[in-house]
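First comes the structure, then the notes that go with it.
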Amino acid sequence: MTSVVKGRTGKINWKEIKRQKVLLLWSLVFVIYGFIFCYLPLAGWLMAFENYKPKDGFFHSQFIGLGKFKQLFIDDGFLRVIRNTLAMGVINLVVTFVAAIVFAILLNELKSQGGKKVVQTISYLPHFLSWIIVTGILHDALAGTGIVNDILLRLHVLKEPLNFFAHPKYFWGIVAFANVWKETGWNAIIYLAAIVAIDTNLYEAAAIDGAGRWARIKYITLPGIKPTIIILLLMNAGNVLNAGFEVQYLLGNGLVQSVSQTIDIYVLKWGISQGDYSLGTAAGVFKSVVSIVIILIANGMAKRAGEERLF
């Protein structure tokens, strides 16, 4: 066993490179793609430290250091945008994360294979719809003459139709619901795969010992998919500030502007509409740096938790 491990961790030789040359060539294609489209554009961050003018270019625009960042943080509008982005990001992360796990577990409990396939197929479909279509459906459903108001009026929950898009207090909930409806089925795929990988003998042994469905879920299914949950949580933690652009932009209006605008919309407003490329870039740099910090913190917490379990 020791010799096998040493062989696997030894230096890579030319023979091994030749044997895997096809994989290496394909890997090189993706490395080049990532370098061109992910790393080269980072040179544009230079605009955040300049009073950038397109006619002057990167190298001749006036260098102002952190001036644009100072302008950001004295702007009450930007601070409100950060609050909206964080709030919607955390709500979307928690709600979609929990919904996908619960849906995968419930789907796994279905005994009918035909019924399970039908439910899976139906749940995947919203993922392939564009946000234009999804927001259109939401507008129609939540309109004054929509099905939601119709049901609430018939149940005497409301006395008159309610314009949901005119009240800021409903906006974050509507965005969260839209994300759950669109992505739960798709997000559940990896959890279903993790559940299928659990040894079926564990379930049979638990059933013989008298464990019911809830006990099997609690003591076998959830611990079995725990590593998958942690990995996906770490991967999604960095996307907290990616609360969205399309859904907020399409559902937002002047009445809910105080709660609907995100950092991405702020970047569009100042970087493109107002032509202040430096301010828009500074907002984007801030978002990226905070996302990296969040990932590092989440990764550190996960490592610490793993070490505590070992000892």
Reduced Cα scattering model of region 219-311, Debye log10 I(q)/I(0), q = 0.13, 0.16, 0.25 Å⁻¹ | -0.62, -0.78, -1.22
In whole angstrom, note down how far apart the Cα centers of region 220-276 and region 79-114 are.
-> 13
Where does the charge balance sit around residue 78 when Lys and Arg score +1, Asp and Glu -1, over other residues with C-beta under 13 Å from its C-beta?
-> +2
Over all pairs of different Cα atoms in region 1-126, the reciprocal of the mean inverse distance gives a Kirkwood radius in Å of 21.8
May I ask for log10 I(q)/I(0) of region 26-75 at q = 0.23, 0.29 Å⁻¹, from a Debye sum over the Cα atoms as equal point scatterers with solvent left out?
-> -0.82, -1.00
Give the Kirkwood hydrodynamic radius (Å, one decimal) of region 170-286, defined as one over the mean of 1/r across all pairs of different Cα atoms.
-> 17.8
Please report, in cubic angstrom per residue, the volume enclosed by the convex hull of the alpha-carbon atoms of the chain.
-> 249
Sort 111-121, 93-103 for me by packing, meaning the mean count of neighbouring Cβ atoms within 10 Å per residue, highest on top.
-> 93-103, 111-121
Where the eigenvalues come from the Cα gyration tensor of region 107-187, what are the semi-axes √(5λ) of the equivalent ellipsoid, largest first, in whole Å?
-> 29, 16, 11
Across the Cα atoms of region 82-232, what radius of gyration and what greatest pairwise Cα-Cα distance (Dmax) are found, in Å?
-> 19.1, 57
Size of electric dipole in the chain: Cβ of Lys, Arg +1 and of Asp, Glu -1, about Cα centre, debye, nearest 20 | 1000
Just for the Cα atoms in region 54-167, what are the lengths along the principal axes, largest first, rounded to whole Å?
-> 67, 43, 26
With a probe of 1.4 Å, find how much accessible area the chain has per residue, and write the answer as a whole number in Å².
-> 64
To the nearest 500 deg cm²/dmol, what mean residue ellipticity at 222 nm is calculated for the chain from DSSP H runs of n ≥ 4 alone, each contributing -39,500 (n - 2.57), summed and divided by the residues?
-> -21000 deg cm²/dmol
Farthest positive-ward along region 1-141 dipole, Cα basis, beta-carbon charges - from 74, 43, 126 = 43
Take each uninterrupted DSSP H stretch in the chain, measure its Cα extent along the helix axis, and return the ones at 15 Å or beyond whose mean Kyte-Doolittle hydropathy is at least -1.0.
-> 21-34, 76-108, 113-124, 131-142, 168-196, 222-237, 277-310
Largest-first ordering by accessible area, 1.4 Å probe, given options 216, 83 | 83, 216
Just read off the accessible area of residue 58 with the full protein assembly in place, 1.4 Å probe, to the nearest 10 Å².
-> 80
Report, to the nearest whole %, how much of the accessible area of region 207-300 belongs to carbon and sulfur atoms, 1.4 Å probe, protein only.
-> 65
Please report, in Å, the Rg and the Dmax of region 144-191, where both are computed over Cα atoms only.
-> 14.3, 44
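The values are calculated or read from the model by the stated rules, or taken from the named source; none is laboratory data. In this text the structure is predicted, and so the values were computed from the model without any measurement. All Cβ positions, even for glycine, are placed from backbone atoms using ideal geometry, and neighbour counts span all protein chains on display. These accessible areas exclude ligands, DNA and RNA; they are computed on the full protein's heavy atoms, side chains included. Shrake-Rupley method; radii C 1.70, N 1.55, O 1.52, S 1.80 Å.
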